[in-house]
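Right, one structure below, let's go through it.
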Amino acid sequence: MSKTTTATEFPGEIKVLIDEQKIAERVVDLASRLEKDLDQLEGEVTLVPVMTGSMLFTSDLIRHMQRPVRIAPVTVQSYPGSSTRSRGARLQTPIPDALRGTHVVIIDDILDSGGTLAVLRRLIKAVEPSSVRACVLLRKNVDHDASAVCEYAGFDIPDKFVVGYGLDYDGLYRNLPFIGTLPSDMINKEDSG
Ligand code: 5GP
Ligand code: MG
């Protein structure tokens, strides 16, 4: 990448895919669907945000939920550095034992191959929660098999690398208030395509 960009300057070339208003509306909708389903269940609910990408989504989602919930974040890395292709999901924090016997909702920014959710579901099931479901803001429009099941998804998007609203490229752009696509000349050539 020849061009250097700092976190404080958002290059005009980033194209808006989903604007702030649309995100806000869909988050309200997701929160109400989720809460309606959780209200049918007996027992405690633990939200498990997948850091760092789901930080903004989670903070907006939980402000539209009225029921008591616990929050137990985990960190998973699958796109180290300037990668734009998954290198395989790697859990970087232990699964909290406090999930045992509670209804778990995994919250992630985006579902792509499904690898992250599959790894998390397997590890979380090992601590014997009452139930596990997943909620993502974005789902890439690719053919998903049964391992990529996700109960709640905000938007289906094309198979493009996106940034903003928590999602990064090489650590940058998480603070954009919208979801945008990076121009191909800004993406590491070895990684894209
Ligand atoms: P999966 O494991 O389903 O292939 O990918 C999910 C994870 O990969 C997400 O939690 C996210 O961290 C990362 N990811 C997938 N697609 C994108 C993308 O278009 N942009 C960014 N910034 N991260 C992505
Ligand atoms: Mg992630």
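The values are calculated or read from the model by the stated rules, or taken from the named source; none is laboratory data. A quick note: this is a predicted structure, and the numbers were derived from the prediction, not measured. Backbone-built Cβ (ideal geometry, glycine too); neighbour counts: all protein chains shown.
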Please give the number of the condition Ile62 fails out of (1) within 15 Å of Ile179 (Cβ to Cβ); (2) at pLDDT 80 or above.
(1)
So Asp60 clears everything in (1) touching a strand residue (DSSP E or B) at 6+ places or on another chain (Cβ under 7 Å); (2) under 21 Å from Gly164 (Cα atoms) except one condition, right? Which one?
(1)
Note down all Cβ pairs under 8 Å where the first residue falls in the stretch 96-109 and is more than 16 Å from Ala153 (Cα to Cα) and touching a residue at least 60 places away in the same chain (Cβ under 8 Å), the second is part of a strand (DSSP E or B) and among the polar types (S, T, N, Q), and they're at least six residues apart or on different chains.
His103/Thr46; His103/Ser131
Do you know which of the residues in the stretch 166-193 that are outside any loop (DSSP other than H, G, I, E, B) and at pLDDT below 90 is surrounded by the most Cβ atoms within 10 Å (Cβ to Cβ)?
Met186
Only residues that are modelled with pLDDT of 95 or more, of a type in the set (A, V, I, L, M) and more than 12 Å from ligand 1 (Cβ to nearest atom): list them for the stretch 90-122, please.
Leu99, Val104, Val105
In the list Pro68, Pro49, Pro73, which residue meets the criterion of being away from ligand 2 (no atom under 16 Å from the Cβ) and either within 14 Å of Asp109 (Cα to Cα) or not polar (S, T, N, Q) (or both)?
Pro68
Restricting attention to the stretch 30-83, which residues are within 16 Å of ligand 1 (Cβ to nearest atom) and either aliphatic (A, V, I, L, M) or touching a His at 6+ places or on another chain (Cβ under 9 Å) (or both)?
Leu47, Val48, Val50, Met51, Met55, Leu56, Leu61, Val74, Val76
Flag if Ala153 is modelled with pLDDT of 95 or more, away from ligand 2 (no atom under 13 Å from the Cβ) and farther than 16 Å from Ser78 by Cβ:
yes
